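Written below as structure tokens is the structure these notes are about.
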Amino acid sequence: MKLDVLFFASLREALGCSHESIELPPQINTVAALREYLCARGDVWHAFQPARTLRAAVNQEMVTPQHALCDGDEVAFFPPVTGG
């Protein structure tokens, strides 16, 4: 399955990139599994560690970690933000 993954705010800064097209193995089929897969890359990818609060959107709609992924989805990850 191929996805476009977008990184926003402090994630973008930590990773040094704003997006990536990624080919995933078949067992990576939910947002939670994708997050674990990215974290397992190590180094700067520890920004995806489970203890860190991150939000996710698939095809520009907010989703839960259990949301199923489909080939061609756009997945965006970002930390929670506050406004004033």
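Take the stretch 49-73 and flag every residue that is part of a strand (DSSP E or B) and loosely packed, with under 11 Cβ neighbours inside 10 Å. Outline the logic, then answer.
Restricting attention to the stretch 49-73, the residues satisfying the condition of being part of a strand (DSSP E or B) are 55-58, 61-62, 68.
Passing the criteria: Glu61, Met62.
Among the residues of the stretch 74-84, count how many are more than 9 Å from the chain's Cα centre (by Cα), surrounded by 11 or more Cβ atoms within 10 Å (Cβ to Cβ) and among the aliphatic types (A, V, I, L, M). First the steps, then the outcome.
The initial filter retains those residues of the stretch 74-84 that are more than 9 Å from the chain's Cα centre (by Cα), namely 74, 79-84.
If we keep only those that are surrounded by 11 or more Cβ atoms within 10 Å (Cβ to Cβ) as well, we get 74, 79.
Filter once more, so that each one left must be among the aliphatic types (A, V, I, L, M): none.
Matching residues across the stretch 74-84 total 0.
I need a count of the residues in the stretch 1-37 that are of a type in the set (S, T, N, Q) and part of a strand (DSSP E or B). It would help to see each step written out before you state the result.
Restricting attention to the stretch 1-37, the residues satisfying the condition of being of a type in the set (S, T, N, Q) are 10, 18, 21, 27, 29-30.
So of that shortlist, the ones also part of a strand (DSSP E or B) come out as 21, 30.
So the count comes out to 2.
Applying the selection to the stretch 74-84, what residues are assigned to a strand (DSSP E or B) and modelled with pLDDT under 95?
Step one: list which residues in the stretch 74-84 are assigned to a strand (DSSP E or B), which gives 74-78.
The answer is Phe78, and nothing else.
Mind checking which residues of the stretch 38-48 are open to solvent by 90 Å² or more (accessible area, probe 1.4 Å) and part of a loop (DSSP other than H, G, I, E, B)? Talk me through it step by step, then tell me what you get.
In the first step, residues of the stretch 38-48 are kept if they are open to solvent by 90 Å² or more (accessible area, probe 1.4 Å); the result is 41, 43, 46.
Once the filter is applied, which keeps residues that are open to solvent by 90 Å² or more (accessible area, probe 1.4 Å) and part of a loop (DSSP other than H, G, I, E, B), the stretch 38-48 yields only Arg41.
Could you list, in sequence order, all residues of the stretch 29-84 that are small (Gly, Ala, Ser), free of Cβ contacts under 8 Å to residues at least 12 places away in the same chain and within 17 Å of Phe8 (Cβ to Cβ)?
Gly83
The values are calculated or read from the model by the stated rules, or taken from the named source; none is laboratory data. If you're wondering where the values come from, they're calculated on a predicted model, not measured in any experiment. Positions of Cβ are backbone-derived with ideal geometry, glycine not excepted, and every protein chain shown enters the neighbour counts. The accessibility values were calculated without ligands, DNA or RNA, using every heavy atom of the protein model including side chains. Shrake-Rupley method; radii C 1.70, N 1.55, O 1.52, S 1.80 Å.
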